[in-house]
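Taking it in order: structure first as structure tokens, then the write-up.
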Amino acid sequence: MSELRNPWQLLYRVYRHVQPVLEREFAAWYKKAQAIPNPELRKQAQDSMDSKKFHCQGGCVYAAQVVGHVETIVPLIVAYQTISDYLDNLCDRSTSLDPQDFRQLHVSMQDALTPGAPLRDYYLYREDKDDGGFLADLVQTCQRFAAQLPAYEKIQSQVLEFSCLYSDLQVYKHIDPKLREQELFAWWDLHKERYGYIQWQEFAAVTGSTIGIFALFCMATDSRVKEEQIEVVSEAYFPWMCGLHILLDYLIDLEEDRLGGDLNFVSYYLSEQEATERLQFFIQQAKASVRRLPNPAFHRMIVDGLVAFYLADRKVNRSQPRIYTIAKQLLKQAKGLPSVLFYVNSLLVRR
């Protein structure tokens with residue numbers, strides 16, 4: 001992994017080395033999505049790629065650390081994130097509220113991280129089934145590229161743990177709204193002894209991020225990576241970096257979710273002040289935790305980039321005063337040239 005010391009260097013690598021591979025891979029998967037025989041599955045695949053491409057763009061920033069491996073890391077991240085976004089649409093936009101269906105769909109995410117694992121019938125519990133091999137191809141692509149990472153065996157158990165927690169969240173948050181909270185609380189009961197220093201809704205938000213998995217993919221490009229390095233990266237990302245990522249995502253959707261009656265973890269804070277203080281705390285903890293990581297300057301830029309990227313969203317404006325007020329306070333913590341540069345870049349990307 002090569003050292004990244006400043007935002008200019010990071011942005012250069014992203015646009016020069018990462019972006020061309022990302023665009024090629026994304027376009028290929030989009031073409032396959034367009035060819036899905038089943039109209040409902042085709043619609044959800046295309047819609048997810050139309051509205052969530054920025055997830056792939058954000059995830060692939062991690063490949064800037066390992067430009068010599070972009071032809072492995074970028075296809076792996078794009079394929080894995082495409083599975084995540086596609087399944088999110090299938091669970092969120094479809095008429096099904098069946099947890100068994102959601103669980104079976106998300107088994108694909110663990111199979112994708114297990115090179116050599118046989119494919120399963122991921123659509124077993126739903127009527128719409130014929131995707132023309134779209135999901136199976138995504139799974140096998142992930143398996144193929146994961147197997148090419150020199151130290152994949154060293155990170156596999158950790159990425160599978162993160163993936164299983166992600167899948168748990170997707171099941172519980174998409175079931176019948178009348179059952180949703182009790183299932184989320186029961187799930188939290190299983191984990192609160194280990195993560196009792198954060199709130200239940202914060203734990204749930206943490207599990208909803210894939211960036212910890214992407215950070216570990218990059219670690220696995222080095223056959224000499226040590227177990228203790230993997231451990232400190234995992235602890236920095238889970239909960240602090242992943243939590244910051246998803247809490248910011250929920251923050252900008254706060255009003256939209258309120259109007260739509262959708263689950264939003266930021267809404268569980270008792271007041272605007274508490275929401276601001278907890279998000280500030282996650283920023284502080286994320287910045288403190290990355291000091292121990294290999295290539296700390298890169299991960300510090302990820303913290304600044306997350307704040308800039310989400311708070312540059314169109315939804316952050318004076319017409320939504322709750323979001324706008326919190327966002328102003330958070331931006332005060334992201335000071336200096338890196339934050340300004342990432343904020344301007346994010347405005348261009350997101351608007």
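The values are calculated or read from the model by the stated rules, or taken from the named source; none is laboratory data. Computed from a predicted model, the values in this text were never measured in an experiment. Glycine gets a Cβ as well: all are built from the backbone with ideal geometry, and neighbour counts include every protein chain shown. The protein model used for the area step is the full one, side chains on, heavy atoms only, and it has no ligands, DNA or RNA in it. Shrake-Rupley method; radii C 1.70, N 1.55, O 1.52, S 1.80 Å.
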Rel. contact order, % - alpha carbon contacts under 8 angstrom, at least six apart, segment 57-157: 32 percent
Roughly how many Å² of E272 are accessible to a 1.4 Å probe, to the nearest 10? 70 Å²
Can you sort S96, S163, S51 by 1.4 Å-probe accessible area, starting with the largest? S51, S96, S163
Put +1 on the Cβ of each Lys and Arg and -1 on the Cβ of each Asp and Glu in the chain; which of I246, P7, A63 then has its Cα farthest toward the positive end of the dipole? P7
Counting Lys and Arg as +1 and Asp and Glu as -1, each charge on the Cβ, what is the dipole of segment 197-239 about the Cα centre in debye, to the nearest 20? 120 debye
For T72, tell me the accessible area in Å² from a 1.4 Å probe, rounded to the nearest 10. 20 Å²
Quick one: with all protein chains in place, what share of the accessible area of the chain is carbon or sulfur, to the nearest percent (1.4 Å probe)? 51 percent
According to a simple spin-label model (label point 7 Å from Cα along Cα-to-Cβ), what is the distance in nm between S271 and T325? 1.0 nm
For a quick check of understanding: with a 1.4 angstrom probe and all protein chains in place, what accessible area in square angstrom does S267 have, to the nearest ten? 60 Å²
For Y324, Y237, give the ranking by accessible area with the largest first, probe 1.4 Å. Y324, Y237
Using Cα positions and a limit of under 24 Å, work out the lysines in reach of K154, with same-chain residues fewer than 8 apart set aside. K226
Tell me, what ³J(HN,Hα) does each residue in segment 48-58 have, in order and in whole Hz, if you take phi through Karplus 6.51 cos²θ - 1.76 cosθ + 1.60 with θ = phi - 60° and put x for Gly and Pro? 5, 6, 5, 9, 10, 4, 4, 5, 5, 4, x
List, in order, the whole-Hz ³J(HN,Hα) value for each residue of segment 76-91 obtained from phi through the Karplus relation with A = 6.51, B = -1.76, C = 1.60 and θ = phi - 60°; use x for Gly and Pro. 5, 5, 4, 5, 5, 5, 5, 4, 4, 6, 4, 5, 4, 5, 4, 7
The pairs in K287/K332; K32/K52; K53/K192; K53/K328 lying past 24 Å Cα-Cα in this model are K53/K192; K53/K328
Assigned charges on the beta-carbon of Lys, Arg, Asp, Glu; the chain dipole about Cα centre (debye): 1400 debye
Measuring from its Cα centre, segment 137-210 shows a charge dipole (+1 at each Lys and Arg Cβ, -1 at each Asp and Glu Cβ) which, in debye to the nearest 20, is 120 debye
Using Cα pairs under 8 angstrom and six or more residues apart, how large is the relative contact order of the chain, in percent? 17 percent
Tally Lys/Arg at +1 and Asp/Glu at -1 over every other residue whose Cβ is under 10 Å from the Cβ of Q170; what's the total? -1
Probe 1.4 Å, all protein chains present, accessible-area order of T325, T221, largest first: T325, T221
Can you compute 3J(HN,Hα) from phi for each residue in segment 31-46, using the Karplus curve 6.51 cos²θ - 1.76 cosθ + 1.60 with θ = phi - 60°, rounded to whole Hz and x for Gly and Pro? 4, 5, 4, 5, 9, 4, x, 6, x, 5, 5, 4, 4, 5, 5, 5
